[in-house]
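Novice: I have a structure here, written as structure tokens, and I will follow up with some questions on it.
The values are calculated or read from the model by the stated rules, or taken from the named source; none is laboratory data. Nothing here was measured: the structure is a model prediction, and the numbers come from that model. Note that each Cβ is placed from the backbone with ideal geometry, even for glycine, and that neighbours are counted across all protein chains shown. When the accessible area is computed, the model is the full protein with side chains, heavy atoms only, and any ligands, DNA or RNA have been set aside. Shrake-Rupley method; radii C 1.70, N 1.55, O 1.52, S 1.80 Å.
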Amino acid sequence: MIRQAAAAILSGQRRSLASVARASANHHGYLPNTHSPIVAKPHFFNSVTEDGQQIPTYRVLDGTGKPLDGAELPEVNETLAHKLYENMQLLPTLDNILYNVQRQGKISFYMTSYGEEATIIGSAAALDMEDEVLGQYREMGVLLWRGYTLDKVMAQCFGHSEDLGKGKQMPVHFTAPEHHFHTISSPLGTQIPQAAGVAYALRRTPERRSRSIAACYFGEGAASEGDFHAGLLLASTIPSPALFIVRNNGFAISTPSTEQFYGDGIASRGPGYGIDTIRVDGNDVLAVLAAVKEARRRCLEQGRAVLLEAMTYRVGHHSTSDDSFAYRARSEVEDRKRIDNPITRFRLFMESQGWWNAEREEDLKARLKADVLKAFKRAESMPRCELKELFADVYGGEEPWNIKAQREELKGLLRKYGDSWEPWQTELAKFKNKGRDLLD
Amino acid sequence: MYARSARPLRRAANVLARFNSTTVEPPPAGGHLPSVATSQLLRTTRESALRAPRIKWIDEDSTGPVKPVVGGRETRKMNTYQAVRDAMRYGGESCLNSSGSKKCSIVLLKDDNAVVFGEDVSFGGVFRCTMGLAEEFGRERVFNTPLTEQGIVGFGIGLAAMGHTAIAEIQFADYIYPAFDQLVNEAAKFRYRSGGAYNAGGLTVRTPTMAVGHGGLYHSQSPEGFFMGAAGLKVVIPRSPIQAKGLLLAAIRDPNPVVFMEPKVLYRSAVEQVPIDDFELPLGSAETLVAGADLTVLTWGTPVYHCEAALHMLANPPPSIATHVPSAVRGAKIELIDLRSILPWDVETVTESVKRTGRLVIVHEAGMTAGAGAEIAAEVQKRCFLKLNAPVKRVTGWDTPCGMQYEKFNIPDAIRVLDAMVETLSY
């Protein structure tokens, strides 16, 4: 059912172009070596739909949580609905606390997911747990869906000794191979061609071929990078089961999407690369869930890329380094939170099904907050990794001489000044063993 | 605009001072150590600002003689981002002189062909360097670009090829690599490959550089060395507001494409009185900040201030580390040079100094291997071989990425510079 609903949208986009081609093809034949019909009149075009309309947006639930006329509900039972809702609520719970923790100077940086909960959780729920995920930086919810613990979230954001990444990256730059989640990298769009390679590797791995895809997330801003075009082209031309999920949240830091592109969003680019494409209401968790499921099925069936553009709105600032009221009105944000809140929309749906009520809401919020605070408090007192990790993991295999020599040089300096130079003493105290691994 | 994510922005400055280990030490018995905020190298009076060495006034009447006079010229207190913005534009009522005629002449006002663009430039840029420019000069001349560094630089080259003045911003130097092809294969080779028929001299690429203390791998890099082999480009790194304005104006008007790297920790922390008139400081020219006879310390950008602190520590070591500073070296006269231009670099000033002092310590934040210091050390060794009393010493970031939690042990701070000076003097 889900499949039919989403497939109808996908195929609808091609109809009008196809009819133009059919109308003219019989008269003049085709250009040699292509299927391009020859026409006698000059014909310019500038729209995927050809009739000038924008690419449609697939939606299941309206703003009040009621199914649209003609929409088919994906198969969601009470248990799945609870899991979706709990994860959607966990994101702002974490965001509220970690945003404030950053403001208190306890972590150096943070990025919230406010407003994009349905896009992130709905897509996470539609993926297989073993699909490889290549995120941009606002996809912590995918990890939460997969069972990444709050302690691990805190470990990364605090960069303490339990962080798998050893405190080397800024907060929210997660890495979790146990959850098939590739390391977040700050440069934008670099993960997009990598996803094509990951997907090709999946095709070439017998036990994962036709079972796993690469799911690649990025924003509409990152889609301006050359890597976006390279990645989609590669995953289409060298057929690779990669699902590209664009979070079109309206802003790249301060730059509104109206200044990011002139064409019809990011979805309009998919057909240019010959890949199946859909635009979905990113604030409707059921639409995202249904569309990603169908997109994933196509990835596996065709062994080729699919593009999904989720239309949403970045309610939060870009990051803790940004104050978005310098470039957008506070009222615009407040309006969006009120009128088009993805969490509210799904809660209204659950209430209409008799799956949710005010009491459960209160219990959930209290429990999530307590869980996050507990994890935060535990993390707060944890030391960093050992200082020697500074030089670790530059290379695998034999360590080159220059790294060895520089470690020795720092050891020598620490032995001389580590116990007497106040700025270094203070800093060393933050590390596990207080830096003695290099001092002694 | 990457995680840009990470873009440590507005609050960065407050945090920055905190992360500079030079500033953290409590006042030692010998008195306060200079930090960026208290640096003696900053010109905080009008008199000293107007007498910045080799300042060249670019007065409105270009047909008249250059006026060397400083009388009547005004200065205003600015931090580095304000000085950068002032160079691109210059604003405010003092733009008009007493007779009401325009006397300011800075780029957007003077050059109708000048445009300023990059990611998030319209609202002022993530470091505020373009604040107010879009409102004043219109969105046709000051505009946001889509998020594509290769596109931004290629676009700028196209403008420059048509004789226009392109001032492009790459939001962080860490994100300049998608534009590496456009810079190295195109901008740098534009003149040579056409036999001089075309050039990209109208292009200036501004980009924030160096570490702030919590930027991690992708908001801390110093990529100047990667461009050092790209003959045809110039690479400039200012240390202060006056330097930023004068060097940026020279870079914009230089007949060659220039990569202009602005140390982001200094955007707010470094404050000077900056002449409001149009002036330039020379490219390809180092500046000797402190004259000395026993050891040359050569650096650029943020570490200039760590080196200044290290000079004070050498002369008057804090008691906690005094045992590591033999009394014999405490009276050494250290010559401190700010290289300012990384490509081409001022080999004359550097080698003249090293021939006198016989000792050289080079300090930069980029990693040691193939950093700019390697090139300089090789040339100094060739030209000063018989005058050297000690090996050329480099104090640099390690050959590792800039791991966030380890940053304070990665950057070349005052204590490491001090140790290198002691070692080189005692060799």
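Novice: Of the residues in segment A:218-236, how many are among the charged types (D, E, K, R) and at the interface with chain B (Cβ under 8 Å from one of its Cβ atoms)?
Specialist: Qualifying residue count for the region: 2.
Novice: Related question: Exactly one condition in (1) crowded, with 24+ Cβ neighbours inside 10 Å; (2) farther than 20 Å from A:Ile55 by Cβ; (3) hydrophobic (A, V, I, L, M, F, W, C) is not met by A:Val333; state its number.
Specialist: So the condition that A:Val333 fails would be (1).
Novice: What tally of residues in segment A:180-210 results from selecting those that are touching a residue at least 24 places away in the same chain (Cβ under 8 Å), away from chain B (no Cβ under 14 Å) and not aliphatic (A, V, I, L, M)?
Specialist: 9
This table checks each residue for (1) open to solvent by less than 70 Å² (accessible area, probe 1.4 Å); (2) at the interface with another protein chain (Cβ under 8 Å from one of its Cβ atoms); (3) without any contact (Cβ under 8 Å) to a residue 40 or more places away in the chain.
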position	(1), (2), (3)
A:Trp401	no, no, yes
A:Lys404	no, no, yes
A:Leu410	yes, yes, yes
A:Leu413	yes, yes, yes
A:Gly418	yes, no, yes
A:Glu422	yes, yes, yes
A:Glu427	yes, yes, yes
A:Asn433	no, no, no
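Novice: If I ask for residues that are surrounded by fewer than 24 Cβ atoms within 10 Å (Cβ to Cβ) and of a type in the set (D, E, K, R), which ones from segment B:212-233 would you list?
Specialist: The answer is none; no residue qualifies.
Novice: Going by what's in this entry, would A:Glu139 be described as open to solvent by less than 20 Å² (accessible area, probe 1.4 Å), within 14 Å of chain B (Cβ to nearest Cβ), acidic (Asp, Glu) and in contact (Cβ under 8 Å) with a residue 12 or more places away in the chain?
Specialist: Spelling it out, A:Glu139 is indeed open to solvent by less than 20 Å² (accessible area, probe 1.4 Å), within 14 Å of chain B (Cβ to nearest Cβ), acidic (Asp, Glu) and in contact (Cβ under 8 Å) with a residue 12 or more places away in the chain.
Novice: Looking at segment A:227-252, which of its residues are over 23 Å from B:Gln182 (Cα atoms) and not in a loop (DSSP other than H, G, I, E, B)?
Specialist: Residues satisfying the conditions are A:Ala235, A:Ser236, A:Thr237, A:Ala242, A:Leu243, A:Phe244, A:Ile245, A:Val246, A:Arg247, A:Asn248, A:Phe251, A:Ala252.
Novice: Report the residue count in segment B:393-406 for those that are more than 9 Å from chain A (Cβ to nearest Cβ) and closer than 19 Å to A:Asp393 by Cα.
Specialist: Summing the residues that are more than 9 Å from chain A (Cβ to nearest Cβ) and closer than 19 Å to A:Asp393 by Cα in segment B:393-406 gives 1.
Novice: So for segment B:327-338 (the condition being among the hydroxyl-bearing types (Ser, Thr, Tyr) and more than 14 Å from chain A (Cβ to nearest Cβ)), does at least one residue qualify?
Specialist: Yes, because at least one residue in segment B:327-338 is among the hydroxyl-bearing types (Ser, Thr, Tyr) and more than 14 Å from chain A (Cβ to nearest Cβ).
Novice: Could you tell me whether segment B:267-290 includes any residue that is farther than 30 Å from B:Arg253 by Cβ, at pLDDT 95 or above and either buried (at least 24 other Cβ atoms within 10 Å of the Cβ) or within 23 Å of the chain's Cα centre (by Cα) (or both)?
Specialist: No: segment B:267-290 contains no residue that is farther than 30 Å from B:Arg253 by Cβ, at pLDDT 95 or above and either buried (at least 24 other Cβ atoms within 10 Å of the Cβ) or within 23 Å of the chain's Cα centre (by Cα) (or both).
Novice: Every residue in segment A:237-255 that is away from every other protein chain (no Cβ under 14 Å) and of a type in the set (Phe, Trp, Tyr), please.
Specialist: Within segment A:237-255, A:Phe244 is the sole residue that qualifies.
Novice: Residues that are in contact with a Lys or Arg (Cβ under 9 Å, 6 or more places away or on another chain): list the helices (runs of 4 or more DSSP H) wholly contained in segment B:295-376 that include at least 3 such residues.
Specialist: Of the helices (runs of 4 or more DSSP H) lying wholly inside segment B:295-376, those with at least 3 residues that are in contact with a Lys or Arg (Cβ under 9 Å, 6 or more places away or on another chain) span B:303-315, B:347-357.
Here is a yes/no grid of residues against (1) open to solvent by 10 Å² or more (accessible area, probe 1.4 Å); (2) under 25 Å from B:Ala250 (Cβ atoms):
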{"residue": "B:Lys333", "(1), (2)": "yes, no"}
{"residue": "B:Asp338", "(1), (2)": "no, yes"}
{"residue": "B:Trp345", "(1), (2)": "yes, yes"}
{"residue": "B:Val350", "(1), (2)": "no, yes"}
{"residue": "B:Ala378", "(1), (2)": "yes, no"}
{"residue": "B:Gln381", "(1), (2)": "yes, no"}
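Novice: Quick one: in segment B:173-194, which of the residues that are surrounded by fewer than 18 Cβ atoms within 10 Å (Cβ to Cβ) and in a helix (DSSP H, G or I) is farthest from the chain's Cα centre (by Cα)?
Specialist: Selected residue: B:Arg193.
Novice: Name the residues in segment A:358-399 that are within 14 Å of chain B (Cβ to nearest Cβ) and at positive phi, would you?
Specialist: A:Asp393
Novice: Do the conditions hold for A:Gly189, that is, is it in the same structural domain as A:Glu139 (by TED's automatic domain parsing) and open to solvent by less than 10 Å² (accessible area, probe 1.4 Å)?
Specialist: In short, yes.
Novice: Could you list, in sequence order, all residues of segment A:399-410 that are assigned to a helix (DSSP H, G or I) and not aromatic (Phe, Trp, Tyr)?
Specialist: Answer for segment A:399-410, where residues must be assigned to a helix (DSSP H, G or I) and not aromatic (Phe, Trp, Tyr): A:Asn402, A:Ile403, A:Lys404, A:Ala405, A:Gln406, A:Arg407, A:Glu408, A:Glu409, A:Leu410.
Novice: Residues in segment B:316-331 that are open to solvent by 20 Å² or more (accessible area, probe 1.4 Å) and within 20 Å of A:Leu413 (Cα to Cα): how many?
Specialist: Count: 9.
Residue-by-condition table, conditions (1) without any contact (Cβ under 8 Å) to a residue 24 or more places away in the chain; (2) at positive phi; (3) of a type in the set (Phe, Trp, Tyr); (4) assigned to a loop (DSSP other than H, G, I, E, B):
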| site | (1), (2), (3), (4) |
| --- | --- |
| B:Glu407 | no, no, no, no |
| B:Pro412 | no, no, no, yes |
| B:Val417 | no, no, no, no |
| B:Ala420 | no, no, no, no |
| B:Tyr427 | no, no, yes, yes |
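Novice: Here is a further query. Would you tally the residues in segment A:97-125 being touching a residue at least 12 places away in the same chain (Cβ under 8 Å), of a type outside the set (A, V, I, L, M, F, W, C) and part of a helix (DSSP H, G or I)?
Specialist: Summing the residues that are touching a residue at least 12 places away in the same chain (Cβ under 8 Å), of a type outside the set (A, V, I, L, M, F, W, C) and part of a helix (DSSP H, G or I) in segment A:97-125 gives 7.
Novice: Then there is this: Restricting attention to segment B:358-415, report how many residues are among the charged types (D, E, K, R), touching a strand residue (DSSP E or B) at 6+ places or on another chain (Cβ under 7 Å) and under 30 Å from A:Ser185 (Cβ atoms).
Specialist: 3
Novice: Can you spot a residue in segment B:100-118 that is within 29 Å of B:Phe226 (Cα to Cα) and in a loop (DSSP other than H, G, I, E, B)?
Specialist: No; the residues of segment B:100-118 include none that is within 29 Å of B:Phe226 (Cα to Cα) and in a loop (DSSP other than H, G, I, E, B).
Novice: Of all residues being farther than 16 Å from A:Leu150 by Cα and more than 7 Å from chain B (Cβ to nearest Cβ) in segment A:163-177, which is surrounded by the most Cβ atoms within 10 Å (Cβ to Cβ)? Just the residue, please.
Specialist: A:Lys166
Novice: Which numbered condition trips up B:Gly138, out of (1) open to solvent by less than 40 Å² (accessible area, probe 1.4 Å); (2) farther than 25 Å from B:Glu224 by Cα; (3) out of contact with any strand residue (DSSP E or B) (no Cβ under 9 Å at 6 or more places or on another chain); (4) within 12 Å of chain A (Cβ to nearest Cβ)?
Specialist: Of (1) open to solvent by less than 40 Å² (accessible area, probe 1.4 Å); (2) farther than 25 Å from B:Glu224 by Cα; (3) out of contact with any strand residue (DSSP E or B) (no Cβ under 9 Å at 6 or more places or on another chain); (4) within 12 Å of chain A (Cβ to nearest Cβ), only one is false for B:Gly138: (4).
Novice: Can you tell me which of A:Asp128, A:Asp151 is surrounded by fewer than 22 Cβ atoms within 10 Å (Cβ to Cβ) and part of a helix (DSSP H, G or I)?
Specialist: From the options A:Asp128, A:Asp151, the qualifying one is A:Asp151.
Novice: Given the condition part of a helix (DSSP H, G or I), of a type in the set (A, V, I, L, M) and modelled with pLDDT of 90 or more, answer yes or no: does some residue in segment A:60-83 qualify?
Specialist: yes
Novice: Among the residues of segment A:205-226, is there at least one that is outside any loop (DSSP other than H, G, I, E, B), open to solvent by 30 Å² or more (accessible area, probe 1.4 Å), modelled with pLDDT of 95 or more and among the hydrophobic types (A, V, I, L, M, F, W, C)?
Specialist: no
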